[in-house]
Amino acid sequence: MAHSASVSDGKRSSAAHPRSINANGKAYRWPDDPLVVVCLDGGQPEYIEAALDRNLVPNISAFMRDGFAAIAEGAMPSFTNPNNISIISGVPPSVHGISGNYFLDPETGEAVMMNEARFLRAESLLAVFSEHGAKVASITAKDKLSRMLSHGVKGGIAFSAEKADECSLAENGIENCLDYVGMPLPDVYSADLSLFVLEAGVKVLERERPDIMYLSLTDYIQHKHAPGSPEANEFYQKIDNGLGRLSRSGAIVAITGDHGMNDKSRDDGAPNVIYLQDVLEQEFGTGESDVILPITDPYVVHHGALGSFASVFIRNGAVMDSAVNSLRKLPGVEEVMKRETAAQKLELPADRIGDIVVIADKETVLGKRAADHDLSLLGGMRLRSHGGLADRQVFFILSRPLNNFYQNIAQTRQLLNYEIFDFALNGLL
């Protein structure tokens, strides 16, 4: 059967549209050319810098030279779900409500994956533009993001590479997706998952000409391989090729990341872990605390559910201060904050984080009990992970130059990854 999509004339919308739209309290201009925003999952700047040093990424190099480039910071915690939703909404987690990949739902008392649209508290730019007649597409590597990215979008194309073989016209705006993209279904634990997203993006751009497209990759390679390694360099070469094809097809290309990535292993190669539940139970007894690891998602093989951010729920308020003091003394812990302080300083939704927030330093990860983590899943490789304050840095790259007003903004303060739509829609010459 021949492939098809919800829009097949290959032309951009010719209907009248507003000069700008408003979403979450901010105005955004309608793009003059198709805009493609790409989230490089795990996009620690050193990966691109290493590839630039070896002249492996000519398209990214051209964007940085002829357009704009800076280092931005992501939202906290530096995990996938909070940052992708920040990027597509233009606001921090305190506004959109997504506090991690996984959380303790205060309404049910159960720890659940935070990948359902019912948890969202802010508008998606993709949805708002679509409501005003824009052709919109969102393609993500892992299916865990798909429902939230497509929430509220009218028409358009939305699917994940992970489940591309299950796409339907009614549900995803596209059918026979593997034929359409011209690639086999990729393994979820592979570089091909990201490359499928980029190839799909190129095909959708060429054939459907969406006004706005969001592409979200996966960090499998970055979890496994250090910047400058042969595997990472090969991966970024292929990413660069896809980005160049998007630009040559007439799109504005905007690139950022959801979080960085750092080595979290000891000199002997073992993960550098603090098992918080073990620590708390040794001091305060069992049943007095619950440690939630917001990095947890359905794909733990490459990180073992070990990240640098944790929420702690304390059942007995009388021991709260003692627990805070004990946690602060642990080597490798960078910050310990009570709920109200963490919500204010980190712009988090206070009702969706623990009584205590614990953040590890650049070289350390946090676990529950040692018995809860199967480190054999790491396959003997050094643990690379994220979640902390030290793991927020990502590139912020635009294929076209900024106007003077936005250049001034970029020169006077720290940019945030979730400003990428603002800069790409409002800030270009």
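The values are calculated or read from the model by the stated rules, or taken from the named source; none is laboratory data. As the structure is a computational prediction, the values presented were derived from the model and not from experiment. As a convention, Cβ positions derive from the backbone with ideal geometry for all residues, glycine included, and neighbour counts pool all protein chains shown.
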Of all residues making up the range 264-282, the number that are surrounded by 14 or more Cβ atoms within 10 Å (Cβ to Cβ) and of a type in the set (D, E): 2
Complete set of residues in the range 127-173 that are of a type in the set (S, T, N, Q) and part of a helix (DSSP H, G or I): S130, S146, S150, N172
Matching helices (runs of 4 or more DSSP H) fully within the range 200-284 where at least 2 residues are more than 23 Å from the chain's Cα centre (by Cα) and closer than 25 Å to A370 by Cβ: 276-284
3 or more residues of a type outside the set (V, I, T), within 25 Å of V365 (Cβ to Cβ) and out of contact with any strand residue (DSSP E or B) (no Cβ under 6 Å at 6 or more places or on another chain): qualifying helices (runs of 4 or more DSSP H) within the range 7-101: 45-53, 80-89
Failed item in (1) touching a residue at least 60 places away in the same chain (Cβ under 8 Å); (2) part of a helix (DSSP H, G or I); (3) under 25 Å from the mean Cα position of the chain (by Cα), with T341 passing the rest: (1)
Condition broken by D361, with the remaining ones in (1) of a type outside the set (F, W, Y); (2) crowded, with 23+ Cβ neighbours inside 10 Å; (3) touching an Asp or Glu at 6+ places or on another chain (Cβ under 8 Å); (4) more than 25 Å from G285 (Cα to Cα) satisfied: (2)
Residue among S376, S311, S322 that is outside any loop (DSSP other than H, G, I, E, B) and buried (at least 18 other Cβ atoms within 10 Å of the Cβ): S311
So G287, is it crowded, with 20+ Cβ neighbours inside 10 Å, touching a residue at least 24 places away in the same chain (Cβ under 8 Å) and under 20 Å from F103 (Cα atoms): no
Residue match in the range 383-399 (condition: over 19 Å from G43 (Cβ atoms), of a type outside the set (S, T, Y) and touching a residue at least 24 places away in the same chain (Cβ under 8 Å)): no
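Quick grid of which residues meet (1) buried (at least 22 other Cβ atoms within 10 Å of the Cβ); (2) in contact with a strand residue (DSSP E or B) (Cβ under 9 Å, 6 or more places away or on another chain):
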{"position": "A161", "(1), (2)": "yes, yes"}
{"position": "S168", "(1), (2)": "no, yes"}
{"position": "E171", "(1), (2)": "no, yes"}
{"position": "I174", "(1), (2)": "yes, yes"}
{"position": "L178", "(1), (2)": "no, no"}
{"position": "Y189", "(1), (2)": "no, no"}
{"position": "V197", "(1), (2)": "yes, yes"}
{"position": "R207", "(1), (2)": "no, yes"}
{"position": "I212", "(1), (2)": "yes, yes"}
Residue check for G133: assigned by TED's automatic domain parsing to the domain that holds S99, in contact (Cβ under 8 Å) with a residue 12 or more places away in the chain and within 14 Å of V204 (Cβ to Cβ): no
